[in-house]
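Read the figures in this text as sums done on the coordinates, not as results from a lab. In this text the structure is predicted, and so the values were computed from the model without any measurement. Virtual Cβ from ideal backbone geometry, glycine too; neighbours counted across all protein chains shown.
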Amino acid sequence: MALIGVFDSGVGGLSILDEALRQLPEHDYIYLADSINAPYGEKSSEWIASRSMELCQYLAAQGCDAIMVACNTATAEAIAHIRNELSHIPIIGVEPGIKPAAMQSENGVVGVLATEATLKSDKFSALLATLPNCQFIKQAGAGLVPLIEAGQANGEATLELLAEHLEPIQDAGADTLVLGCTHYPFLRKAIRKLLGDSINLIDTSDAVVRQLKRRLEAQGTHLADGKCGSIRFISSKDAELLHHMAQELMQSDLDEHAIESQLVSTF
């Protein structure tokens, strides 16, 4: 078994952990939520890069065999530096699924709901430049992450704010919507309530975990079939709340795993 670190600014990366537990339940996981500083999407590029590096170094020091940067904003601002500094272990990032969205869109109009930092990043601009034949309607989801962090993913305030953010995407006639933040898959129910089944939703959790699986196999990691590994939830703010949110948001049966919650306030 391998020890896999999963890092996010808060609970968004639970969408990635959920998929990892579906595909690779045998491994042990550390989920690190920097909730005291969430959201990252409205902070400076320099701060995001520095903080992301610090937390990934912490996970490496815990003995992680691979790290998933399960935060679009952190990936956009810091992944290259993290990979350079921690070159001895696989570092798997996430990015908005604009390529699969462009391939699946029938009318060539794709909405991208992401944080301001992700949309303004050089990495995202470089991605867009590879797909000149598609029209991308970029929309920052300001205010959505704090509501999800507060357990209000399906609340009325979230629904009202989400409707405002989706309006330009609807008006442009987009037939595909990229969920460009790992928090946003938890808004699927709210999005369907607003838009019905008329729009195709794209998130990259499956592809991210498949990449992790390939990297582990390349290292010769062997799985113990039929067993479920442990999960350690670490928070910079409230570890018990993080565990509770995981139970609320994730589809995986966490009771099948040995669970530990830990508050770490010394980062």
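Each residue of the range 250-264 was assigned a 3J(HN,Hα) from its phi angle through the Karplus curve 6.51 cos²θ - 1.76 cosθ + 1.60 (θ = phi - 60°); the sequence is 8, 8, 5, 7, 5, 5, 7, 10, 6, 10, 9, 10, 9, 8, 10 Hz, with glycine and proline shown as x. Counting only residues at least eight positions apart within a chain, or on another chain, the lysines with an alpha carbon under 29 Å from that of Lys237 are Lys43, Lys120, Lys189. Here the mean projected area of the convex hull built on the C-alpha positions of the range 58-129 is 5.6 nm².
Taking a straight line from the alpha carbon of Lys138, these aspartates and glutamates sit under 15 Å away, with near neighbours fewer than eight places off in the same chain left out: Glu95, Glu116, Asp122, Glu164, Glu167, Asp171, Asp175. Placing a pseudo-label 7 Å from each Cα along the Cα-to-Cβ vector at His81 and Leu131 gives an inter-label distance of 2.7 nm. Packing here is the average count of other Cβ atoms within 10 Å per residue, and on that basis the peptides 91-101, 170-180, highest first, run 91-101, 170-180. Tell me, what is the FRET efficiency for Glu42 and Asn107 to the nearest 0.05, using R0 = 30 angstrom and their Cβ-Cβ distance as r? Efficiency computed from Cβ-Cβ geometry: 0.40. Taking only the Cα atoms of the chain, the ratio Rg/Rh comes out at 0.95, with Rh defined as the Kirkwood radius.
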